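Novice: Got a structure for you, written out below as structure tokens; questions coming shortly.
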Amino acid sequence: MTLSPACAGPLDGIRILDLSAVVMGPYATQILGDLGADVIKVEPPAGDNMRAVGPMRNPGMGAIYLHLNRNKRSIVLDLKTDAGRQACLDMAKTADVLLYNTRPQAMARLGLDYDAVAQANPRIVYVGAYGFGHRGPYAGKPAYDDLIQGMTAIPSLYQQNSGDVPRYAPLTLADRAVGMQVAVAMLAGVIQARTSGQGQAIEIPMFEAMSQLVLGDHLGGRTFDPPAGPTGYARLLVAHRRPYATANGYISVLIYNDKHWSRFFQLIGRPELLNDERFATHTARSRHIDQAYSLVADVLAGNTSEHWLQALGAADIPAAPLYDVDALIDDPHLQQVQMLPTLQHPSEGAIRSPAPVGHYSKTPLRIRRHAPRLGEHTREVLLEAGLNQDLVGQVLEQAQPRDTPQNKDIS
């Protein structure tokens, strides 16, 4: 795929000053960058920590960093210095959004709290994405994906489902799920600011956001006061809700509505089960979901994955192969829709990265910029912001890497 720097997306004209690092904030801003926003990634002299997470071909350009930071420009500012702070405030004057994911107290110590930034630009949307809301007793506590998963019951739900030990989801689930909420919040703030002429401070806490996600499924009987039963969505928690073993592997199957179950009972030659009080209606199956899924597991174990995928597909019952990551990469549908295009990166050579999601008929999405080298656009962005040459010189001098051997592209 060829990069298309001049191609405007639907968010062309929105500028985001991104002070975030690691996964949640960069994921949120990459979503908006993919949609055409001008994202300026502000990094400390040592760079975003994710630059150091391999595998990588060159120092400071780790694989996950590459998948979180395309369609952005990187500048380096030492925000602990007067020159770095002033440069940040000067850039904020032309930004629609400032995003940060440190604790608010840290932003205040830097002199970059909402009052200071809003004084530079009253229309700015000032978004904080961090662990816990400032009104609760956990305000200011550190938070990471594993901690938030644990506090929002995800490992215990795995244990309840499998009978095994508690486990974290094997992906940065909290960071990415909350990152999508952060992207929505930034857009909502920009719409409101452009309508009213006045910006605002927005807080998106990970704990609260993931609690909403989990409790939407599992509040269960405690939805009602007094409770009408235990917590939990039974279908998601039964032991047999997992890929089904076949005679030669595993497949994913979801027999969900009345039509699916009717077709399934016909397919396996047991139409009398349509009249079994345990399976006759959706409500009945919900009460006996473990028995329903156990029945499916016993039946599917008797033939091959290929047989069941063909038979279930012919009966219009939802079924799919079980992939590992390598098989996902090689999936023919993803290849046809170019979900993993090969790009030529100026320092990393040929790389593959998941493409922007969705199809826009009038403003097609493009990967306009490669994931930037550390500080690659510092001089360019500062001059765009109108900083004088002396201040630009100070910033560049103070921004030289001191702690890690990142690449030397600050210019």
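The values are calculated or read from the model by the stated rules, or taken from the named source; none is laboratory data. Please read all numbers here as calculations on a predicted model, not as lab measurements. Positions of Cβ are generated from backbone atoms using ideal geometry, with glycine treated the same way; all protein chains shown enter the neighbour counts.
Novice: Counting just the residues of the range 79-113 that are more than 28 Å from Y144 (Cβ to Cβ) and of a type in the set (D, E), which one comes out nearest to the chain's Cα centre (by Cα)?
Specialist: That would be D96.
Novice: Can you find even one residue in the range 196-219 that is within 30 Å of H240 (Cα to Cα) and either of a type in the set (F, W, Y) or touching a strand residue (DSSP E or B) at 6+ places or on another chain (Cβ under 8 Å) (or both)?
Specialist: Yes, because at least one residue in the range 196-219 is within 30 Å of H240 (Cα to Cα) and either of a type in the set (F, W, Y) or touching a strand residue (DSSP E or B) at 6+ places or on another chain (Cβ under 8 Å) (or both).
Novice: For the range 17-29, check the following and say yes or no: at least one residue is more than 19 Å from the chain's Cα centre (by Cα) and in a strand (DSSP E or B). Step through it out loud before you land on a result.
Specialist: Start the filter on the range 17-29 by keeping residues that are more than 19 Å from the chain's Cα centre (by Cα), which leaves none.
No, the range 17-29 contains no residue that is more than 19 Å from the chain's Cα centre (by Cα) and in a strand (DSSP E or B).
Novice: Specify which of the listed residues (G163, G140, G111, G133) is touching a residue at least 12 places away in the same chain (Cβ under 8 Å) and either hydrophobic (A, V, I, L, M, F, W, C) or at negative phi (or both).
Specialist: Details: G163 fails: either hydrophobic (A, V, I, L, M, F, W, C) or at negative phi (or both); G140 fails: either hydrophobic (A, V, I, L, M, F, W, C) or at negative phi (or both); G111 fails: either hydrophobic (A, V, I, L, M, F, W, C) or at negative phi (or both).
From the options G163, G140, G111, G133, the qualifying one is G133.
Novice: With the condition kept exactly as written, say whether any residue in the range 148-163 is surrounded by 15 or more Cβ atoms within 10 Å (Cβ to Cβ), modelled with pLDDT of 95 or more and assigned to a loop (DSSP other than H, G, I, E, B).
Specialist: yes
Novice: When you check L365 against the structure, is it closer than 23 Å to P10 by Cβ and assigned by TED's automatic domain parsing to the domain that holds A63, yes or no?
Specialist: On the way: closer than 23 Å to P10 by Cβ: yes; assigned by TED's automatic domain parsing to the domain that holds A63: yes.
The answer is yes for L365.
Novice: Applying the selection to the range 251-294, what residues are among the aliphatic types (A, V, I, L, M), touching a Lys or Arg at 6+ places or on another chain (Cβ under 9 Å) and crowded, with 16+ Cβ neighbours inside 10 Å? Outline the logic, then answer.
Specialist: If we filter the range 251-294 for residues that are among the aliphatic types (A, V, I, L, M), which is where we start, we get 251, 253-255, 267-268, 273-274, 280, 284, 289, 292.
If we keep only those that are touching a Lys or Arg at 6+ places or on another chain (Cβ under 9 Å) too, we end up with 255, 284, 289, 292.
If the condition is that a residue be among the aliphatic types (A, V, I, L, M), touching a Lys or Arg at 6+ places or on another chain (Cβ under 9 Å) and crowded, with 16+ Cβ neighbours inside 10 Å, then I255, I289, A292 are the ones that fit.
Novice: Continuing with this model, one more query. Check the range 221-243 and report whether any residue there is free of Cβ contacts under 8 Å to residues at least 12 places away in the same chain, under 30 Å from A129 (Cα atoms), surrounded by fewer than 18 Cβ atoms within 10 Å (Cβ to Cβ) and among the charged types (D, E, K, R).
Specialist: First, pick out the residues of the range 221-243 that are free of Cβ contacts under 8 Å to residues at least 12 places away in the same chain: 221-230.
Those still in the list that are under 30 Å from A129 (Cα atoms) too: 222-223.
In the following step, the residues that additionally are surrounded by fewer than 18 Cβ atoms within 10 Å (Cβ to Cβ) were identified as 222-223.
Still in the list and also among the charged types (D, E, K, R): 222.
For the range 221-243, residues free of Cβ contacts under 8 Å to residues at least 12 places away in the same chain, under 30 Å from A129 (Cα atoms), surrounded by fewer than 18 Cβ atoms within 10 Å (Cβ to Cβ) and among the charged types (D, E, K, R): present.
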